[in-house]
Every structure is written in structure tokens, then in C-alpha cells.
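The values are calculated or read from the model by the stated rules, or taken from the named source; none is laboratory data. Quantities reported herein were computed from a predicted structural model and do not represent experimental measurements. Glycine also receives a Cβ, built like all others from the backbone with ideal geometry; neighbour counts cover every protein chain displayed.
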Amino acid sequence: MEKLNSKIDSEHVFIGLLLNYPGQAWNLIKDIVKPDMFYDEFARAVYKAFTELSKEGEHINTMSIKLKLIECNILSDIKDQRINKYWEYSIAVGGDGIIYPLPMSSIIKNFLGLVVREQAGQLDVTDTRKILELIEKVENIKPEQDGIYSIDDCLYDAAKMTAKAESGDFQGIQTGYRDIDNMIPGFMAGDFVIIAGVTSVGKSALALNLVNNIAVIKRLSVLYVSLEMDRVSIARRLVCQQSDILSLYDLKKGLMDDDKWMEWSNKSARVGQSSVALLARPGLTVADLNDVVTQYHKKIGIQAVFVDYLQLLSGGRRFSNETAEVTHISNSLKLMAIDLRVPVIALSQLRRIEGNKIPELNDLRQSGSLEQDADIVIFVHRRKDKNSKYENETRIVIAKQRDGSTGYVDMIFTPERMRFLEIDKHHIESEDVND
């Protein structure tokens, strides 16, 4: 078939669109557009690089595309500028000298329209139907959805969100702990949150306390992904955190009486009525995690995702060192939060810290790009202060927050129920016990 210039031009503009909008544009077309729909060999190679990076769970941008093309011997080295021209095809320069990206909907419609007209004999009925459905879908994309917003629109949306917060209709997900919520204005859509600490300090316990507060009490939909605990252990912990008389030891050993069985029945019914979903799967790759979470989100609608814990995720391929793999995983989780528009809260293991030193952001720097990727960093630190009034006093440190202040909150950890209590609540419960 003759290679028509109009088709090749549309391919160049289409590839430029993918480079400009690697998230939104790629998600629209990835299941429909195939490499053999391209006439231009280099454009076809670039598109294949997109598909391979997507399967590997890699972050897609001009640099990662270049590295993939070098790996496939399409480009000679990083200085090869051939891919840069594609970005230029998808923009226009106005009379005022300002660069304007061309509308996403027009580019997709033009490219797919030419595919249908010029390759009709090579497409099966299913492919043609899918292409036509996508053309119809993108016709309904408003200009704002192409990613360009006027500052007036942004300020209007900001004012609406502030007004909602003022009236109590808050957009973020609060933790359920008063002192922490006074510091953090909620976990927002697209937030990547790190909860970090050394071994056996209570990271998983704190995460499950947050799940209880968010899903069981506030009735929001939460997915908890564990690469360490089985689903029965997680379920036990969620029930014990709701109870004042059940302990994990009792449940494991079967040390139950009528009162405890009644308590189990009541509390497990409450947890069972919540929208908590559990995924316990050791050895999960970050690409598989993204696929599972994305599909579940489309089916159910998730409002928060917890991952326990980050270092147990696999990058899915060989990396030069552990730091490079953790960086890849961190980048992928941040992109998942942005793409799904939900907060992703990931637990992270810190290496041993000498003495009673409180963790700092510097302690995360040995773990790839966690510090840079995270919107919020929370450290869990078990205090070893002889002058402390309470056993298992734990400091929750807000070490980083893009939209708020930093600081700390002291709490009490009760290991028999894996529960974190605010100190004033601990006072009340202690008085009840003494009575």
C-alpha cells in the first residue's frame, strides 16, 4: 500500500501527543491502537517502545522512550534527537509567541479516521468497531480535558474546594486521629503517602488503624494490599482494634468464653459491613499491582489504597541495585495515585537507626526517590524515654507535607490489640479500667 504523506504526518502528530500527554492520551488509546497501524517505521518503533514500557510498569516520558529505543538498537545514543521532532508536531505557536498544544481530541480523531479509511481491508470488524467507538468518545472531550486550564478556572475550582471545606464537605480523607488531622488536611486524591519506620515499630498496626477509621467508621472504600501478612491475620487485627476485651493472643490460642464470642460476633459484624477489601499476595510486582488495583477500582471504586510494604514489591525485572528498584517502584506508585485519583499510602522499611534517634527525611534517601516522590512522609518512632509516663509511647512524626506543616503527635500503642490511642483517650480508658 502506498505510504500517503497525510497519514505519515498524522502519525507524527499522534506520537507527539503521546509524548505531551503520556498518561491521559495513552490510557485512551493503548488497548485499541496497534503498532502495525503505523506506516512510518520510526513512528512504529516509538509506539512499540510505549507499549513495552507500559507492560513493564515504567514511567513513560521522552527520556524513558529514548532509553528503550537505544536498548532496541533503534537509536545510537542519548544524543540522537530524532524523537524530539515529534513533540514539535503536536504544538502550535500563536501570534503572541506562546506555545499551544494542539487539541487531544482532534489529533486522535484525525489519526484514527485515517486508519479506518486507509487500512479498512486490513482491520477486522472488532477493531473497526472499537476505533469508531473511541472516535465518538473523544468527540465528547471538552477542551479543558486536554489538560489546559485558564487561571480563572483554576481559581474558581480552588474557591469551590475551600468553600466545601469551610462547610464541612471536605475533599480529603482524614485519619480519624484529632491531633494528626489538625496537622494534615486529609489524604487527597493523587497523594502518595509514606509511613516509614524500623522493624517491629508498629507501621502495619498504624496503617490498619487508619483503615479502621477510614473504612469501618467513616464507611469509605479501602483496598489493603499486604505482601507480608495473610488475609486472616489482617482480619483478626481489624476486629481486635475495634474491641476492648479481645486480644490477638486470645484469638490465636482460642482462649475464648461466651463474652468474648459475643464481642467477636458484634465487632466482626461491624467490620464485615464496611467496604474494606484485602489482597494478600507475596511476590507481587508493581506492574501486576497496578493492573489489579486499576481493574478493581473500575469495578468497585476505591477511595484509598494501602500497600504493606513497599520493599516487598518487585520491580518485575533486573535492576542495577536495590536503590534503583525502589525508585522504580516509588515512581510507579506515585503515578498510580495520580492516574486513579486516589491516595496511595505505602509502608516503607527503614534500616536500623542507632540509639533513640527520631527518623528524619535523610533516612529515606537510602531508599531511592521516596523522599522526592512522596507528598506526605510519616515516621513511626517508639520512644525509649525512661521519664515517659506511658508504656509503648510512640511518636508519630509528620516529616514532610507539601500542603501543610510538619511536627509530631505522641500516641500510645497497645500491642495486644495492635491499636494506637491518642493520649487523652488513653487517660479515659485507663480511668475506666481503674474504676
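Take the residues in the range 362-391 that are among the aliphatic types (A, V, I, L, M) and modelled with pLDDT of 85 or more, then tell me which one is farthest from Ile329 (Cα to Cα). Top of the filtered list is Val380.
Scanning the range 186-204 for residues that are part of a loop (DSSP other than H, G, I, E, B), farther than 20 Å from Ile302 by Cα and in contact (Cβ under 8 Å) with a residue 60 or more places away in the chain gives Val198, Thr199, Val201, Gly202. Of all residues in the range 221-251, those satisfying the criterion of being farther than 19 Å from Leu279 by Cα and either in contact (Cβ under 8 Å) with a residue 12 or more places away in the chain or assigned to a loop (DSSP other than H, G, I, E, B) (or both) are Cys240, Gln241, Gln242, Ser243, Asp244, Ile245, Leu246, Ser247, Leu248, Tyr249, Leu251. For the range 165-178, the criterion of being modelled with pLDDT of 85 or more and either among the charged types (D, E, K, R) or within 22 Å of Val286 (Cα to Cα) (or both) is met by at least one residue. Among Ile353, Ile329, Ile378, which is surrounded by 14 or more Cβ atoms within 10 Å (Cβ to Cβ) and assigned to a strand (DSSP E or B)? When all the criteria are applied, what remains is Ile378.
From the list Val211, Val216, Val239, Val222, the one residue that fits, being under 11 Å from Val305 (Cα atoms), aliphatic (A, V, I, L, M) and in contact with a helix residue (DSSP H, G or I) (Cβ under 6 Å, 6 or more places away or on another chain), is Val222. If you go through the range 268-289 and keep only what is within 19 Å of the chain's Cα centre (by Cα) and either assigned to a helix (DSSP H, G or I) or touching a residue at least 60 places away in the same chain (Cβ under 8 Å) (or both), you end up with Ser275, Val276, Thr285, Val286, Ala287, Asp288, Leu289.
Can you say whether Val239 is crowded, with 18+ Cβ neighbours inside 10 Å, under 23 Å from the mean Cα position of the chain (by Cα) and within 20 Å of Lys203 (Cβ to Cβ), as far as the supplied structure shows? Answer is no for this residue. Has the range 343-350 got any residue that is at pLDDT 80 or above, surrounded by fewer than 19 Cβ atoms within 10 Å (Cβ to Cβ) and over 20 Å from Ser54 (Cα atoms)? Within the range 343-350, one or more residues are at pLDDT 80 or above, surrounded by fewer than 19 Cβ atoms within 10 Å (Cβ to Cβ) and over 20 Å from Ser54 (Cα atoms).
Can we say Lys298 is under 24 Å from Ser54 (Cα atoms) and not in a loop (DSSP other than H, G, I, E, B)? In short, yes. Taken over the range 227-240, the criterion of being modelled with pLDDT under 90 and not charged (D, E, K, R) is satisfied by Met229, Val232, Ser233, Ile234, Ala235, Leu238, Val239, Cys240. Regarding the range 198-205, can at least one residue be identified that is touching an Asp or Glu at 6+ places or on another chain (Cβ under 6 Å) and assigned by TED's automatic domain parsing to the domain that holds Lys384? So far as the range 198-205 goes, yes, one or more of its residues are touching an Asp or Glu at 6+ places or on another chain (Cβ under 6 Å) and assigned by TED's automatic domain parsing to the domain that holds Lys384.
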